[in-house]
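A.B. asks: There's a structure below that I have some questions on.
Readers should treat all values here as calculations from the given coordinates under stated rules, not as data from a laboratory. None of these values were measured; they are calculated from a predicted model. Here the Cβ positions follow ideal geometry from the backbone for every residue, glycine too, while neighbour counts run over all protein chains shown.
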Amino acid sequence: MCTSHDVENNTDRADPREGYRRVEDWPRYPKEMQFEMGSGVAVDKEGIIYLFTRDIEHWAAHPLALKDKMGKSSISMFNRAGDYLGKWGGSDERGFALGGHTLYIEKDGMFWTTDRDGHVVRKFHPNGELLLELGTFAEWGDDETHFNGPTAVAVQANGDIVVADGYWNSRLVWFSPEGQFIKSVGGWGRGPAEFNTPHALAIDSKGRILVADLCGGNFHDYMTVPGQIKSYRTEVEPGSQHRIQRFTWDGQYIDEWTHVLPLSLACYGDEIYASDQMSHLAILDEDTGAVKRRIEDLAIYIHQLAVDGHGDLYTASVYPEHAGALRGPEGPSHRRWTRAEINETGAS
């Protein structure tokens with residue numbers, strides 16, 4: 001376990017950004033591209049960067065509004081230099097989600113999306129073909145076939161699928177590779193193997209599951225309907241703070257880390273990339289949680305992070321107005337950070 005002294009030593013380094021510099025002109029959005037905020041980001045084996053954007057999210061979850069005011073989230077492609085490569089997956093008037101939350105590309109190359117407001121998790125072939133859908137589209141619940149705001153998904157070495165059903169439920173849900181329900185773990189609370197908001201999850205190199213568990217207080221009245229949020233979820237327990245809980249591959253509680261306050265998680269090699277206090281990045285030893293490196297002020301609300309084959313960091317940020325910045329293409333929705341030399345075109 002990393003101590004507060006260890007964290008302080010990492011925070012006080014002369015170069016808190018570890019030599020990373022932001023590429024100012026990345027990405028170069030096309031003039032016609034309009035969206036509200038960046039929600040997810042992933043990089044494929046060819047180095048193409050995929051951005052999951054919330055294009056229209058107002059009232060997306062309301063059943064009576066689905067017909068006329070459907071939320072829309074799309075996925076766009078860029079190269080490392082920041083050039084726009086088009087939309088991914090063909091044309092779909094509905095988009096890939098009502099409220100895009102996170103995007104993943106697994107080791108087998110398959111794409112996964114979590115649709116918070118549509119209450120489904122989807123698996124796609126790289127060509128955009130829908131292969132599997134978990135949950136029931138536009139219907140919320142808390143059972144084997146319904147989610148209530150799914151936030152993250154990961155595929156285990158044996159092919160089983162783990163979903164963080166975390167925005168208005170508080171559980172992890174296991175499915176077989178074919179999508180058959182296996183079990184659910186968790187429930188509302190701040191004890192071991194309990195959650196308020198399991199917002200992100202990742203699987204480390206040893207198969208352990210890490211969960212970014214946020215404190216309660218998720219109101220979001222503007223995107224939910226009466227009865228969708230349990231009353232106890234509107235109260236933040238005194239003294240609670242965000243944490244990382246760790247589990248074995250089959251959902252047995254191991255321990256928790258509280259020296260970072262995570263919003264997002266990613267695993268690369270034997271290291272854990274965890275956002276800390278929303279805007280900073282802490283890179284942790286996967287066994288002890290010790291902070292190995294720390295990068296300050298990487299982005300506003302690091303909702304998801306990805307690393308490419310060059311070691312560059314890519315972030316997707318939500319609600320930039322909370323830091324006085326603009327939404328959409330004019331704001332800090334997506335960023336790239338690199339240690340390489342940058343030329344005048346933004347390539348390196």
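A.B. asks: Note down the magnitude of the dipole of segment 239-301 about its Cα centre, charges +1 on Lys and Arg C-beta and -1 on Asp and Glu C-beta and zero elsewhere, to the nearest 20 debye.
C.D. replies: Values: 5 positive and 11 negative charges, 37 e Å.
About 180 debye.
A.B. asks: Still on this model: Taking every pair of distinct Cα atoms and averaging 1/r, then inverting, what Kirkwood hydrodynamic radius in Å comes out for segment 4-338? The partial results should precede the final answer.
C.D. replies: Details: mean 1/r = 0.0504 Å⁻¹.
Across segment 4-338, the inverse of the average 1/r is 19.9 Å.
A.B. asks: Additional query: Highest mean first, what order results for 19-31, 37-49 on Cβ atoms within 10 Å? Kindly include the intermediate steps, with their values, before the conclusion.
C.D. replies: On the way: 19-31: 15.8, 37-49: 20.5.
Top of the packing list down: 37-49, 19-31.
A.B. asks: Can you tell me how much longer the chain between residue 310 and residue 220 gets when fully stretched, taken as 0.36 nm per residue apart minus their C-alpha distance, in nm with one decimal? Before the final figure, lay out each step's value.
C.D. replies: On the way: separation 90, 0.36 × 90 = 32.40 nm, distance 3.81 nm.
Here the answer is 28.6 nm.
A.B. asks: Extension gain residue 21-residue 190, at 0.36 nm per residue separation less the Cα-Cα distance, in nm? Intermediate values should be presented prior to the final figure.
C.D. replies: Working: separation 169, 0.36 × 169 = 60.84 nm, distance 3.76 nm.
Length gained, residue 21 through residue 190: 57.1 nm.
A.B. asks: Now for a different question. Let me know the whole percent of all Cα-Cα pairs from segment 275-343 that are separated by more than 15 Å. Walk me through the numbers before you get to the answer.
C.D. replies: On the way: 1334 of 2346 pairs.
Beyond 15 Å sits 57 percent of the P(r) for segment 275-343.
A.B. asks: For the pair residue 252 and residue 31, what calculated FRET efficiency results from E = 1/(1 + (r/R0)^6), where r is the Cβ-Cβ distance and R0 = 56 Å, to the nearest 0.05?
C.D. replies: Working: r = 52 Å, r/R0 = 0.93.
For R0 = 56 Å, the calculated efficiency reads 0.60.
A.B. asks: If I histogram all Cα-Cα distances within segment 108-200 using bins 5 Å wide from 0, what percent of pairs lands in each bin?
C.D. replies: Bin by bin from 0 Å, the calculated values are 3, 16, 26, 26, 18, 8, 2, 1, 0.
A.B. asks: Additional query: Stretched out fully, how many nm does the piece from residue 48 to residue 297 gain, at 0.36 nm a residue minus the Cα gap?
C.D. replies: On the way: separation 249, 0.36 × 249 = 89.64 nm, distance 2.47 nm.
Additional length available on full extension: 87.2 nm.
A.B. asks: Continuing with the same structure: Need one number: nm distance between label points at residue 270 and residue 287, each 7 Å from Cα along Cα→Cβ, rounded to one decimal.
C.D. replies: 0.6 nm
A.B. asks: A further question on this structure: Separation of segment 18-50 and segment 309-343 by C-alpha centroid, Å?
C.D. replies: 7 Å
A.B. asks: Further question on the same structure: Packing-wise, with mean Cβ within 10 Å as the measure, how do 162-174, 246-258 rank, highest first? Don't skip to the answer; put the middle values down first.
C.D. replies: Details: 162-174: 25.6, 246-258: 15.4.
My ranking of the peptides, most packed first, is 162-174, 246-258.
A.B. asks: Could I ask something else about it? Taking the alpha-carbon distance from residue 31 and a cut-off under 21 Å, which lysines remain once sequence neighbours fewer than 8 residues away in the same chain are dropped?
C.D. replies: Filter leaves 72, 87.
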